[in-house]
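The values are calculated or read from the model by the stated rules, or taken from the named source; none is laboratory data. Nothing here was measured: the structure is a model prediction, and the numbers come from that model. Neighbour counts are summed over all protein chains in view; Cβ atoms, including those assigned to glycine, are modelled from backbone coordinates with ideal geometry. Just the protein is used for accessible areas: all its heavy atoms, side chains included, with ligands, DNA and RNA removed. Shrake-Rupley method; radii C 1.70, N 1.55, O 1.52, S 1.80 Å.
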Amino acid sequence: MSLPARPRAASGPSPLVPLGYLLCAAAAFLAASLGVAWLGPELAGHYYHPRLLALTHTVTLGWVTLAIMGASYQLIPIVLERPIWSERLARWQLAILAVAVTGMVAHFHLGTWPGLTAAAGLLAVGITLHLGNVGMSLRGFTQWTFTARLVVLAYGALALTTLFGLALAVDRVSPFLPGEFFPTLHAHVQLALLGWVAPMILAVAARVYPMFFLAPAPRRWHSLLQLWGLAAGVPAVVLGLLGVPGLLVAGALAVAAAAGAHGAWICEMAWWRRRPGLDWGLRFVLTATAFLPPAAALGVALAADRLSGPRVAIAYAVVTLGGWVSLTIVGMMLKIVPFLVWYRAYSPRAGREPVPTLAQLSSPRAEALAYGLLTGGIVLLAAAGLVGDSIWIRAAGVVLALGALAFAAALSRVLTHLWASREGTADWGRAAARRLA
């Protein structure tokens with residue numbers, strides 16, 4: 001496979017590249033939502049169960065990681081003002097990652113560790129390619145803003161998380177890792193969540209939320225507390241779980257301070273925004289921020305051993321991954337996907353003939369339905385998971401699945417413009433050819 005010697009002249013790759021990642025992520029989100037309803041009895045028990053591990057990695061790898069990677073191919077040229085190095089490599093990565101995530105989820109579900117290790121190795125290849133593509137895109141980068149520093153921090157944590165996960169997979173086949181298993185597993189989870197996902201969300205939010213809301217960017221103390229809270233807190237949490245317990249609570253408090261600074265800025269931004277109305281994508285991201293305080297409180301309580309047990313751990317995962325992370329990604333996708341589709345379908349015709357606006361591509365009814373079902377389902381699932389009632393967990397899963405279907409319907413409504421525009425573009429091309437003749 002030959003790679004380009006330098007980046008494309010354009011500011012970013014074809015819109016179909018990030019769209020491919022985002023649609024694969026949306027499919028994983030729908031599958032995970034259906035899985036919650038199916039795995040109600042398992043979710044009422046201990047979280048270390050083969051089917052729950054499959055569900056967890058469907059969310060963390062198939063939904064969250066693919067969505068962040070897809071968004072990065074759209075946002076890095078905008079947020080960091082650097083062109084993507086290789087569009088071709090980005091396409092190969094998606095194919096490799098899709099196969100790897102599918103293989104990992106299947107082998108987790110079956111409980112077959114050798115196959116899981118092979119799939120984890122393939123995943124490591126795909127992530128290494130992504131890191132290489134991003135690294136080449138950032139060659140010579142000198143504008144070390146708050147957003148840029150968080151992005152680099154996140155990608156460093158992604159590399160460590162990948163190595164950590166691969167080591168855990170190999171350890172299941174041929175044990176070699178020291179220490180107890182569950183603290184090591186928890187360290188892997190927290191490194192992924194707090195080191196990879198959280199900095200990327202905070203980094204992108206700092207740059208694009210002010211544009212979306214027509215509001216001020218984070219003030220200096222907001223930025224410093226978020227950056228250093230994560231930079232100091234995440235290593236302390238991981239090392240505390242791996243055998244230096246004195247660092248655990250301090251690290252959790254530092255991460256909670258970062259979350260608090262982010263939440264304070266979001267509240268300030270919402271108060272001072274100049275955008276009079278909010279579309280459903282923006283309502284999603286604002287609602288997602290409301291899940292940060294309970295997520296931080298549960299995280300600190302678990303670190304300080306004030307609360308413990310699988311029930312609390314499941315509630316923490318639901319509030320953090322389901323409430324804050326997933327609702328944020330849903331809201332961002334409802335902003336990004338229409339832009340990508342409009343750019344692909346209508347930008348060549350803009351100025352020559354009437355084309356729809358971004359707002360006209362969306363389906364407010366489907367988005368509103370998704371908002372109500374997803375937010376309500378996550379709240380219900382967190383409460384049911386904390387209690388451990390399988391019936392209510394399954395009911396929450398049904399609500400989530402309906403919300404995911406409404407979200408999929410909203411995205412499908414946008415995607416129809418890709419096909420509808422083909423006929424219009426062909427007609428315009430034939431008319432232009434007749435005029436030239």
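Details
- Filter result for Arg139 (in a helix (DSSP H, G or I), basic (Lys, Arg) and open to solvent by 20 Å² or more (accessible area, probe 1.4 Å)): no
- Pairs are defined by a Cβ separation below 6 Å, a sequence spacing of at least 6 or placement on different chains, a first member in the range 264-278 that is among the aromatic types (Phe, Trp, Tyr), and a second member that is buried (at least 17 other Cβ atoms within 10 Å of the Cβ); the pairs so defined are Trp265/Pro218; Trp265/His222; Trp272/Ala215.
- Of all residues making up the range 175-188, the number that are touching a residue at least 40 places away in the same chain (Cβ under 8 Å) and open to solvent by 50 Å² or more (accessible area, probe 1.4 Å): 3
- Counting only helices (runs of 4 or more DSSP H) that sit completely within the range 25-76, those holding 3 or more residues that are open to solvent by less than 20 Å² (accessible area, probe 1.4 Å) correspond to 66-75.
Results for (1) of a type outside the set (Phe, Trp, Tyr); (2) not in a helix (DSSP H, G or I), shown as yes or no for each residue.
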{"site": "Val170", "(1), (2)": "yes, no"}
{"site": "Phe176", "(1), (2)": "no, yes"}
{"site": "Thr184", "(1), (2)": "yes, no"}
{"site": "Leu191", "(1), (2)": "yes, no"}
{"site": "Ile201", "(1), (2)": "yes, no"}
{"site": "Ala206", "(1), (2)": "yes, no"}
{"site": "Pro218", "(1), (2)": "yes, yes"}
{"site": "His222", "(1), (2)": "yes, no"}
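- Among the candidates Leu253, Leu241, the residue that is out of contact with any Phe, Trp or Tyr (no Cβ under 7 Å at 6 or more places or on another chain), at pLDDT 95 or above and under 15 Å from His186 (Cα atoms) is uniquely Leu241.
- Residue satisfying condition, being over 30 Å from Leu224 (Cβ atoms) and basic (Lys, Arg), within set Arg88, Arg149: Arg88
- Against the test of being more than 28 Å from Ala32 (Cα to Cα) and of a type in the set (Gly, Ala, Ser), the options Gly140, Gly103 yield a single qualifying residue, Gly140.
- The residue of the range 77-128 that is most open to solvent (accessible area, probe 1.4 Å), among those that are β-branched (Val, Ile, Thr) and not in a helix (DSSP H, G or I), is Thr112.
- Enumeration of residues in the range 351-397 that are without any contact (Cβ under 8 Å) to a residue 60 or more places away in the chain and basic (Lys, Arg): Arg365
- Under the condition of being touching a Ser or Thr at 6+ places or on another chain (Cβ under 7 Å) and buried (at least 23 other Cβ atoms within 10 Å of the Cβ), the residues counted in the range 343-374 number 1.
- Leu241 touching a His at 6+ places or on another chain (Cβ under 6 Å), of a type in the set (A, V, I, L, M) and open to solvent by 20 Å² or more (accessible area, probe 1.4 Å): yes
- Qualifying position, being closer than 22 Å to Leu163 by Cβ, in contact with a Cys (Cβ under 9 Å, 6 or more places away or on another chain) and among the β-branched types (Val, Ile, Thr), among Val105, Val101: Val101
- Failed condition for Pro13, given (1) assigned to a helix (DSSP H, G or I); (2) surrounded by 18 or more Cβ atoms within 10 Å (Cβ to Cβ): (1)
- Trp265 vs. criteria open to solvent by 30 Å² or more (accessible area, probe 1.4 Å) and either under 15 Å from Leu202 (Cα atoms) or among the aromatic types (Phe, Trp, Tyr) (or both): no
- Filter result for the condition that a residue is surrounded by 21 or more Cβ atoms within 10 Å (Cβ to Cβ), aliphatic (A, V, I, L, M) and in contact (Cβ under 8 Å) with a residue 24 or more places away in the chain, over Leu191, Leu253, Leu214: Leu191
- For the range 152-174, the criterion of a residue being touching a Leu at 6+ places or on another chain (Cβ under 8 Å), farther than 29 Å from Arg91 by Cα and of a type in the set (A, V, I, L, M, F, W, C) is satisfied by no position.
- Failed criterion for Asp389 (all others in (1) under 28 Å from Leu307 (Cα atoms); (2) modelled with pLDDT of 95 or more; (3) open to solvent by 30 Å² or more (accessible area, probe 1.4 Å) hold): (2)
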